Amino acid sequence: MWVAGLGLGIPFVALFTQIHQYRRLAEGKTASYDEGNPPVVANPSKMRLGTAIVVVMALFTGHIVLRVEDQEASRNLAATQTWVNPVTKKPAIIGKTWQAKEMTTNSGRAFYFASNDLLAEAILGYEQFPSEGIEPAAYADAIKKAVASDISITTEWKPVTVQGIPALRATGKSVNFNDANVEVTIVVAGRDAWRTLMFARGNSPAQSAEKDKFVQAMFGTAN
């Protein structure tokens with residue numbers, strides 16, 4: 001079979017050997033590598049037959065379950081929900097896949113979001129300074145030091161615009177999970193400082209699209 005059927009695995013040769021064997025079968029003959037071989041007749045026991053049926057049914061059921069889960073994940077990614085920022089009372093339209101809860105912090109407020117479908121997590125943080133005049137770059141460096149035990153920021157802070165608001169953004173890696181990429185975005189407006197931290201395992205198009213929509217939605221609720 002390796003020589004006469006698969007042509008030693010050589011693509012160009014295998015093309016002709018497989019065509020040759022196909023023509024023999026189409027003419028009602030056996031493949032050349034089967035000539036002279038005695039037929040194999042199986043007579044499995046009831047136990048072997050039952051086991052085979054159970055295995056096939058389990059594989060079929062597993063396939064159905066995976067398809068249903070994939071369809072449910074797709075529906076969750078397409079569906080949306082309204083989340084109201086407790087600080088500003090402004091609503092944000094985010095994916096239904098995100099589950100939210102408030103975190104306990106020493107200062108300011110923070111809200112944690114998780115999506116099993118996206119293999120992603122996010123934190124929206126808020127702080128209010130005693131007075132205005134805090135430079136965004138100084139706040140960004142303070143955040144970098146504050147999260148250093150959990151996040152290694154590996155890029156410089158770059159200016160971006162989110163919802164028409166000037167912001168700074170940097171990326172890095174999770175210290176505890178090597179496969180988790182992190183993106184940090186901060187906004188300082190007057191006495192108010194906002195930040196989002198996005199954790200994602202992988203970099204699929206669905207993750208990237210939902211990450212951008214989520215960040216835009218969060219900063220849309222800022223003051």
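The values are calculated or read from the model by the stated rules, or taken from the named source; none is laboratory data. Predicted model only: the values in this text are computed from it and were never measured. Cβ: placed from backbone, ideal geometry, glycine included. Neighbour counts: every protein chain shown. Note: accessible area is taken over every heavy atom of the protein model, side chains too, but ligands, DNA and RNA are not part of it. Shrake-Rupley method; radii C 1.70, N 1.55, O 1.52, S 1.80 Å.
Within the bounds of the stretch 116-128, is there any residue that is without any contact (Cβ under 8 Å) to a residue 40 or more places away in the chain and more than 19 Å from the chain's Cα centre (by Cα)? No, there is no match, as no residue in the stretch 116-128 is without any contact (Cβ under 8 Å) to a residue 40 or more places away in the chain and more than 19 Å from the chain's Cα centre (by Cα). When you scan the stretch 172-189, do you find a residue that is closer than 21 Å to T97 by Cβ, touching a residue at least 40 places away in the same chain (Cβ under 8 Å), touching a helix residue (DSSP H, G or I) at 6+ places or on another chain (Cβ under 6 Å) and of a type outside the set (D, E, K, R), even just one? No, because not a single residue in the stretch 172-189 is closer than 21 Å to T97 by Cβ, touching a residue at least 40 places away in the same chain (Cβ under 8 Å), touching a helix residue (DSSP H, G or I) at 6+ places or on another chain (Cβ under 6 Å) and of a type outside the set (D, E, K, R).
Residue count for the stretch 206-220 under the criterion of being under 14 Å from W98 (Cβ atoms) and in contact (Cβ under 8 Å) with a residue 40 or more places away in the chain: the result is 10. When the residues of the stretch 126-144 are filtered to those that are touching a strand residue (DSSP E or B) at 6+ places or on another chain (Cβ under 8 Å) and among the small types (G, A, S), the one that is least open to solvent (accessible area, probe 1.4 Å) is A140. With respect to the conditions (1) part of a loop (DSSP other than H, G, I, E, B); (2) within 18 Å of K211 (Cβ to Cβ); (3) more than 24 Å from the chain's Cα centre (by Cα); (4) not charged (D, E, K, R), T88 lacks only one, and its number is (2).
Among the residues of the stretch 85-128, those that are of a type outside the set (A, V, I, L, M) and more than 17 Å from L197 (Cβ to Cβ) comprise P86, T88, K89, K90, P91, G95, K96, T97, N116, D117, Q128.
If you go through the stretch 71-125 and keep only what is hydrophobic (A, V, I, L, M, F, W, C), modelled with pLDDT under 90 and open to solvent by 70 Å² or more (accessible area, probe 1.4 Å), you end up with A78, L119.
Here S149 clears all of (1) open to solvent by 70 Å² or more (accessible area, probe 1.4 Å); (2) over 24 Å from W98 (Cβ atoms); (3) in contact with a helix residue (DSSP H, G or I) (Cβ under 7 Å, 6 or more places away or on another chain) except the condition numbered (3). Taking every residue in the stretch 145-167 that is more than 21 Å from Q216 (Cα to Cα) and pairing it with any residue that is part of a loop (DSSP other than H, G, I, E, B) and open to solvent by 50 Å² or more (accessible area, probe 1.4 Å), at least 6 positions away or on another chain, the pairs with Cβ-Cβ distances below 7 Å are S149/V175; D150/V175; D150/N176; I151/V175; S152/V175.
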